[in-house]
Amino acid sequence: MKTGGTSGDEAERAWLHPQPPSRIGQWLQQLLPPACHHCRALIPANAYAEGGAPFLCPECLERLPWLAPAFSCQRCGNLTAEPKRRGCPQCLGSNWSLHQTIADLRYEGIVREWVLRCKFGRQDWLGPLLGRLMALAQQQRPPLPSNAVLIPVPLHPNRVRKRGFNQALLLAQHLLSNLPEPKLEMRPEWLRRIRDTPPQTELSLEERLRNPENAFAAAPEVQGRTVIVVDDVMTTGSTLNASARTLQAQGVPEVIAWVLCRRVHEPEVQDFGSH
Ligand SMILES: [Zn+2]
Ligand SMILES: [Zn+2]
């Protein structure tokens, strides 16, 4: 991406916060015969126009590895054997600071492929598709707190320069534009990455858990707000928990993580609540 004649400041902002697709781009897309982005089957003509419609045919949509909210731990998003658990063996007793985790899909199969292609393959159509999947999953859940503010997990500016964009911001923009009115507020600038930590994928499990600590800084304006931090993938949860601790230190009473997909562990049947 070239920044041409823009001033240093403007260029920096463009790197950090790329704009969503233009109206003309969206309009051109609507002129094409709508087909499922996965299997190419034709889908109803209004599929692109309706907010939350996912660009997939009903069969492909149903085959996605959706997570059932009732059998996901509300605190960490992992699978649980019993319904409606708030805390499970995966998050109790660990350094878990998030109040709630909303995870829409398992991080596997085609979903994992889409996330990797979106992140490293620069395939622009995936941003709208993945954002719409998150908005669609939300239709099945209770409404989000109306005073909440959405904050995509930031990348360090060095990483944004290398990759060209922040996939969490891209996802959050498309998610937001597909959520019903009244829209939540989004404030990417309220959380910054101040330490250029190595990518989590290059580290051992132990290093991953420590790596994102003290990597973030939060703006004072965030104080007193409920924050929903948005990211594409949660694996160990260490990045999202580190961002939660930074926000809590800045006076945020409740931090919710909302991720497109999560690497989940099969539930342990052991019951932690019985003694
Ligand atoms: Zn299909
Ligand atoms: Zn849990």
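Checking the structure you have, find out if any residue of region 172-181 is touching a Leu at 6+ places or on another chain (Cβ under 6 Å) and not in a helix (DSSP H, G or I).
No, that holds for no residue.
Check off (1) more than 16 Å from ligand 1 (Cβ to nearest atom); (2) under 21 Å from residue 235 (Cβ atoms); (3) loosely packed, with under 15 Cβ neighbours inside 10 Å for residue 87 and give me the number that stays unchecked.
Unmet for residue 87, out of (1) more than 16 Å from ligand 1 (Cβ to nearest atom); (2) under 21 Å from residue 235 (Cβ atoms); (3) loosely packed, with under 15 Cβ neighbours inside 10 Å: (3).
Which residues, taken from region 213-258, are in a strand (DSSP E or B) and more than 12 Å from the chain's Cα centre (by Cα)?
Answer for region 213-258, where residues must be in a strand (DSSP E or B) and more than 12 Å from the chain's Cα centre (by Cα): 216, 217, 218, 226, 227, 254, 255.
Within region 108-116, is even one residue among the acidic types (Asp, Glu), away from ligand 1 (no atom under 16 Å from the Cβ) and at pLDDT below 90?
no
Answer with yes or no whether residue 162 is farther than 19 Å from residue 234 by Cβ and touching a helix residue (DSSP H, G or I) at 6+ places or on another chain (Cβ under 8 Å).
When the stated conditions are applied, residue 162 does not pass them.
Please verify whether residue 198 is over 24 Å from residue 265 (Cα atoms), assigned to a loop (DSSP other than H, G, I, E, B) and modelled with pLDDT of 85 or more, treating the condition exactly as stated.
Against the criterion (over 24 Å from residue 265 (Cα atoms), assigned to a loop (DSSP other than H, G, I, E, B) and modelled with pLDDT of 85 or more), residue 198 does not qualify.
Exactly one condition in (1) more than 16 Å from ligand 2 (Cβ to nearest atom); (2) part of a helix (DSSP H, G or I); (3) hydrophobic (A, V, I, L, M, F, W, C); (4) modelled with pLDDT under 90 is false for residue 70; which is it?
With respect to (1) more than 16 Å from ligand 2 (Cβ to nearest atom); (2) part of a helix (DSSP H, G or I); (3) hydrophobic (A, V, I, L, M, F, W, C); (4) modelled with pLDDT under 90, residue 70 is out only on (1).
Rundown of residues vs (1) away from ligand 1 (no atom under 16 Å from the Cβ); (2) modelled with pLDDT of 90 or more; (3) within 18 Å of the chain's Cα centre (by Cα); (4) in a helix (DSSP H, G or I), yes/no style:
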| site | (1), (2), (3), (4) |
| --- | --- |
| 76 | yes, yes, yes, no |
| 93 | yes, no, no, no |
| 119 | yes, no, yes, yes |
| 165 | yes, no, yes, no |
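Go through (1) modelled with pLDDT under 95; (2) among the aliphatic types (A, V, I, L, M); (3) touching a Leu at 6+ places or on another chain (Cβ under 7 Å) one by one and return the number of the condition residue 234 breaks.
It fails just one condition, (1).
Please count how many residues of region 31-64 are part of a loop (DSSP other than H, G, I, E, B), modelled with pLDDT of 75 or more and crowded, with 17+ Cβ neighbours inside 10 Å.
Adding up the residues that qualify gives 8.
Rundown of residues vs (1) surrounded by 14 or more Cβ atoms within 10 Å (Cβ to Cβ); (2) closer than 14 Å to residue 232 by Cβ; (3) acidic (Asp, Glu); (4) in contact (Cβ under 8 Å) with a residue 12 or more places away in the chain, yes/no style:
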residue: 70; (1), (2), (3), (4): no, no, no, yes
residue: 73; (1), (2), (3), (4): yes, no, no, yes
residue: 79; (1), (2), (3), (4): yes, no, no, yes
residue: 104; (1), (2), (3), (4): yes, yes, yes, yes
residue: 113; (1), (2), (3), (4): no, yes, yes, no
residue: 119; (1), (2), (3), (4): yes, yes, no, yes
residue: 141; (1), (2), (3), (4): no, no, no, yes
residue: 147; (1), (2), (3), (4): no, no, no, yes
residue: 156; (1), (2), (3), (4): yes, no, no, yes
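The values are calculated or read from the model by the stated rules, or taken from the named source; none is laboratory data. All values derive from a computational prediction rather than experimental measurement. Quick reminder, even Gly has a Cβ in these numbers, built from the backbone with ideal geometry, and neighbours come from all protein chains shown.
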